[in-house]
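Written below as structure tokens is the structure these notes are about.
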Amino acid sequence: EKAAVEAFKLGYEVTDPEELEVEDGDIVICCDILSECALNADLIDAQVEQLMTLAEKFDVEYDGWGTYFEDPNGEDGDDEDFVDEDDDGVRH
């Protein structure tokens, strides 16, 4: 929970923590830490490094990054293809 709070303070969106039972029967608490940025390797690498450091600090497991498919013909409307040219990937 402390790691999720810290990620939120850094500017990431954090989903509500939930309990899951893993294959060996152990119960783990997990959440998603989200950020919108351009699909750019340097930006993603900066965020991965920041999240790995956060995970190490709180002794939690970081299981990698992913992306969501966004339908270019979707009707959300409020998510224009805005790319922040000054985004260095690190959240503050």
Checklist line | Inter-label distance for Thr53 and Asp71, nm, one decimal - labels placed 7 Å from Cα along Cα-to-Cβ | finding: 3.9 nm
Item checked: Qualifying GluC sites (Glu not before Pro) for region 27-56 [loop in DSSP, other Cβ within 10 Å: at most 16] -> Glu36
Next item on the list: Under 1.5 on a/c is rounded, so check that first for region 2-58, then, if it is not, pick prolate when a/b is larger than b/c and oblate when it is not; a ≥ b ≥ c are the square roots of the alpha carbon gyration tensor eigenvalues.
Entry: prolate
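Just so you know, all these numbers are worked out from the coordinates, no wet-lab data involved. Everything quoted here is computed from the prediction, not taken from an experiment. Every residue, glycine among them, receives a Cβ derived from its backbone with ideal geometry; neighbour counts consider all protein chains shown.
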